[in-house]
Amino acid sequence: MSKPLPPAEAALREAALDYHRHPARGKIAVTPTKPLVNQRDLSLAYSPGVAYPCLDIQADPTKAYDYTSRGNLVAVVTNGTAVLGLGDIGPLAGKPVMEGKGCLFKKFAGVDVFDIELAERDPDKLVEIIAALEPTVGGINLEDIKAPECFYIEQELSKRMNIPVFHDDQHGTAIISSAALINALELVGKKIENVKLAVSGAGAAATACVDVMIGLGLKRENVFMCDSKGLIHTGRTSLDPSKARFAQETDCRTLAHAVENADVFLGCSAPGVLTAEMVKTMADKPVILALANPEPEIRPELAKAVRPDCIIATGRSDYPNQVNNVLCFPYIFRGALDCGATRITQEMKLACVREIASLAKAELSAEVSAAYQGKEMHFGPDYLIPTPFDVRLILRIAPAVARAAELSGVATRPIQDYDAYRESLTRFVYQTGMFMRPVFATAKAHPQRVAFAEGEDERVLHAAQFAIDDGLAKPILIGRPAVIQARITRNDLRLQPGVNVEICNPEDDPRFRQYWETYHKLMGRHGITPETAKASVRRSNTLIAALMVHLGDADAMLCGLVGKFDNHLAHIRGVLGLQDQEHDFATVNAVVMGQNTLFIADTYITDDPSAEQLATIALRTAEEVQRFGLPPKVAFLSHSNFGSSTRPSALKMRRAHEIFTRIAPHIECDGEMHGDSALSETIRRRTLLDSTLSGSANVLICPNLDAANILFNVLKTTDGHGTTIGPILLGCAAPAHVLTPSSTVRRVVNMMALAAANAFARARR
């Protein structure tokens, strides 16, 4: 009878099993990337059309990267002989791990995976089987194969195959632990070439770790490696070649002897082998890398109890400094695949180490702050390496790996423009990245002064740092200087008030008199007395931002992260006013989805717009769409489909379409129509052969606010995965936008760029 699990572990077990069962069995699936909805699609995807790329690839094998998924496909291969800390459980039992690996590849780097579990233990047969996969995939990730066979398999495959082969248990662990080591040594003031390293374990991971550390400057003669039989020394016979190269000529025989006066301990072995007594004997300020998983060689609390001066990393997520291979393998393959690397070189691994180590010292990103709310994470003894959710990993590691591959002479398709390559990688980080490129380009070329009403908000501070680093805008933060400075410090940002960022203190600004007098002049005939004007300016940062734009102290403004939308809009209405007095404000929100981006209006302002208002809203929305470098295609949505209903709302949408065709004859449009008709030309032509709209609409004009807001929120949650841009304020006399309290840092950045680009465009008129 098995021993009952503790309640916490029992709950985790049930949650994990449920996670793997529902809503679909397993964690990965294959999805087509091309439409298959009619006979023509079928003729292109399969016979007879598929013959043409086949013949082209036969004539030129490199065409496979153009016509197939091979250049973005990795095989995760195992025989199940060393699965996690579970041991030799077989290939079938190891399949959940391989599927998980596939999820991580896709999630963090956009790399597709076939997981391949092989019922074969003979190393030579494994080599033959895996080598035969070369036409299928662009890289091989060996996983959970026991030592020493894994060394032989990787070496033989690297010789035979012309694609990258990477044994993650070895090299992934080696890269991450080496990054942790060089940062830890920096903190304790020791040089890697002078330290003594004691190693517990002589398997794949341990030897690979030591090899990378030697590549960073560690001296081989300072490495004291132990296996299950004790210290590896020259007096031992029948040593495996992978161990023999670390044999020391010494009288030491045990791990306890090896650890004595050691500066660094590296554990890739078994739970509890490093005792507190051993830790006591280590050198001053010892670095402990206890990587056995799930239970380390020593728990951090035990090590720190006897040596408070130690720095410790483990493989566990419930302690600081988790050595997690996900920091490495997705991105090293991303870079290797993109440059057509034929193998993974030592230079590529070291480039990865240096980028990971460097990123830990950078200011904390907004995404990491959001993922680890409440945790203080700054470079130091408890933060040696970045977290897995630092989205900047791919932007740093993949280009560094690609460049190292090129310098190593293994890149068959070298990256031609690294700036453009880094920009392209943002598609794996921010779903809006590629879509926003035209707006970002305009903003960068002509940086404008953007005032942030919520200048104390940490989302704004992160966005301001992004703006400065990328040259998107010149931020103006409205808020209390002491509060802003404290939050800059807390987030390790590099904002320097008065140097690279302007601060407007609402409690003490020399322009206060000018601002309240201006406000009184604008609103004096709307019941605003001088005293009320003073109080209003003191009380409302949004009002200050609007006055700054009105008086030319700023070029654009953002507000709305705190408080009600309508309250912010009222201040903008009173100070900045309308672009055209005949038409009111409106808003449009963009939802970025897998295949397209939809602009939906009016989502926030006009309850029940008239046909004339809808036509104007459509025109202004179309103008915004053009700002993103897209041709607008407008659909006027209704419950009616081209005259199928004569209800008032249907007639209104029909009338709006008629007005729009008169005022904007150059823009494709149609309506009134159903939502599916708007998005599918095939469906649309079943009803109307002469539709004036081609392809799929990207501007959806809804009959009222409820419909627009509901549609927008449903789409962003279901198909858009919460990736949105907006609300974009239409009709304002100056560049201003009212955001919502749910806005992310990325949305603030996007809207800042849009406001800046709009400000530049208006200045040119």
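One table, with the values for the structure above:
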read-out: Close pairs (7 angstrom Cβ cut-off, 6 or more residues apart or separate chains): of a type outside the set (Gly, Ala, Ser) and surrounded by fewer than 22 Cβ atoms within 10 Å (Cβ to Cβ) in the range 595-619, modelled with pLDDT of 95 or more and in a loop (DSSP other than H, G, I, E, B) anywhere; value: Asp607/Asn704; Asp608/Asn704
read-out: Members of the range 664-691 found to be touching a strand residue (DSSP E or B) at 6+ places or on another chain (Cβ under 7 Å) and modelled with pLDDT of 90 or more, listed by number; value: Ile667, Glu668, Cys669, Asp670, Glu672, Met673, Gly675, Ala678
read-out: Filtered residues of the range 32-53 (kept if in a helix (DSSP H, G or I) and surrounded by 11 or more Cβ atoms within 10 Å (Cβ to Cβ)); value: Asp41, Leu42, Ser43, Leu44, Ala45, Tyr52, Pro53
read-out: Selected residue (only one of Asn79, Asn38, Asn72 is of a type outside the set (Val, Ile, Thr), in contact with a Lys or Arg (Cβ under 7 Å, 6 or more places away or on another chain) and touching a residue at least 40 places away in the same chain (Cβ under 8 Å)); value: Asn79
read-out: Out of Ile728, Ile683, sole residue that is surrounded by fewer than 19 Cβ atoms within 10 Å (Cβ to Cβ) and either aliphatic (A, V, I, L, M) or touching a Lys or Arg at 6+ places or on another chain (Cβ under 7 Å) (or both); value: Ile683
read-out: Where Gly433 falls short, out of the listed (1) at pLDDT 85 or above; (2) of a type in the set (Gly, Ala, Ser); (3) within 25 Å of Leu393 (Cα to Cα); value: (1)
read-out: Per-region count, the range 496-518, residues under 43 Å from the mean Cα position of the chain (by Cα) and in a helix (DSSP H, G or I); value: 2
read-out: Hits in the range 665-676 - residues which are in a loop (DSSP other than H, G, I, E, B) and over 19 Å from Pro703 (Cβ atoms); value: Pro665, His666, Ile667
read-out: Failed criterion for Val499 (all others in (1) surrounded by fewer than 20 Cβ atoms within 10 Å (Cβ to Cβ); (2) more than 28 Å from Ala757 (Cα to Cα); (3) at pLDDT 90 or above hold); value: (2)
read-out: Residue in the range 692-709 that is exposed (fewer than 15 other Cβ atoms within 10 Å of the Cβ) and β-branched (Val, Ile, Thr) present; value: yes
read-out: Tally, over the range 292-331, of residues that are of a type in the set (D, E, K, R) and either in contact (Cβ under 8 Å) with a residue 24 or more places away in the chain or not in a loop (DSSP other than H, G, I, E, B) (or both); value: 6
read-out: Conditions (1) outside any helix (DSSP H, G or I); (2) buried (at least 22 other Cβ atoms within 10 Å of the Cβ); number of the one not met by Arg253; value: (2)
read-out: Boolean, Glu454 is surrounded by fewer than 20 Cβ atoms within 10 Å (Cβ to Cβ) and not in a helix (DSSP H, G or I); value: no
read-out: The lone exception for Ala75 - which of (1) among the small types (Gly, Ala, Ser); (2) over 20 Å from Asn293 (Cβ atoms); (3) surrounded by fewer than 14 Cβ atoms within 10 Å (Cβ to Cβ) it fails; value: (3)
read-out: Hey, Ala545 surrounded by 15 or more Cβ atoms within 10 Å (Cβ to Cβ), within 45 Å of the chain's Cα centre (by Cα) and either part of a helix (DSSP H, G or I) or among the aromatic types (Phe, Trp, Tyr) (or both) or not; value: yes
read-out: The one condition in (1) touching a residue at least 24 places away in the same chain (Cβ under 8 Å); (2) part of a helix (DSSP H, G or I) that Lys521 fails to fulfil; value: (1)
read-out: Residue in the range 309-320 that is more than 30 Å from Ala64 (Cα to Cα), under 21 Å from the mean Cα position of the chain (by Cα) and at pLDDT below 90 present; value: yes
read-out: Test: Leu350 is under 30 Å from Leu425 (Cα atoms), of a type outside the set (S, T, N, Q) and touching a residue at least 60 places away in the same chain (Cβ under 8 Å); value: yes
read-out: Identity of the residue in the range 580-631, within 18 Å of Arg655 (Cα to Cα), of a type in the set (S, T, N, Q) and assigned to a loop (DSSP other than H, G, I, E, B), that ends up nearest to the chain's Cα centre (by Cα); value: Thr606
read-out: Residue count for the range 229-259, restricted to those that are under 23 Å from Ala292 (Cβ atoms), without any contact (Cβ under 8 Å) to a residue 40 or more places away in the chain and hydroxyl-bearing (Ser, Thr, Tyr); value: 1
read-out: Residue list for the range 1-31, restricted to those being touching a helix residue (DSSP H, G or I) at 6+ places or on another chain (Cβ under 8 Å), farther than 20 Å from Leu104 by Cβ and either surrounded by fewer than 10 Cβ atoms within 10 Å (Cβ to Cβ) or of a type outside the set (A, V, I, L, M, F, W, C) (or both); value: Pro4
read-out: Residues being farther than 23 Å from Cys328 by Cβ and not small (Gly, Ala, Ser) - total across the range 105-137; value: 14
read-out: Set Ala463, Ala451, Ala443: member being over 16 Å from Arg746 (Cα atoms) and either outside the structural domain of Lys349 (by TED's automatic domain parsing) or under 20 Å from the mean Cα position of the chain (by Cα) (or both); value: Ala451
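Residues are listed down the side, and each one gets a yes or a no for (1) at pLDDT 95 or above; (2) buried (at least 21 other Cβ atoms within 10 Å of the Cβ); (3) farther than 21 Å from Ala184 by Cβ; (4) not hydroxyl-bearing (Ser, Thr, Tyr):
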position	(1), (2), (3), (4)
Gly380	no, no, no, yes
Ile385	no, yes, no, yes
Leu395	no, no, yes, yes
Ala404	yes, yes, yes, yes
Arg413	no, no, yes, yes
Asp419	no, no, yes, yes
Arg422	no, no, yes, yes
Leu425	no, yes, yes, yes
Phe428	no, yes, yes, yes
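Yes/no per residue for (1) among the hydroxyl-bearing types (Ser, Thr, Tyr); (2) more than 20 Å from Thr275 (Cα to Cα); (3) modelled with pLDDT of 90 or more:
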residue	(1), (2), (3)
Ala208	no, yes, no
Ile214	no, yes, yes
Lys219	no, yes, yes
Val223	no, no, yes
Asp227	no, no, no
Leu231	no, no, yes
Ser242	yes, yes, no
Gln248	no, yes, no
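The values are calculated or read from the model by the stated rules, or taken from the named source; none is laboratory data. Here the structure is a predicted model, which means the values were calculated and not measured. Cβ sites come from the backbone with ideal geometry, for glycine too, and all protein chains shown count toward neighbours.
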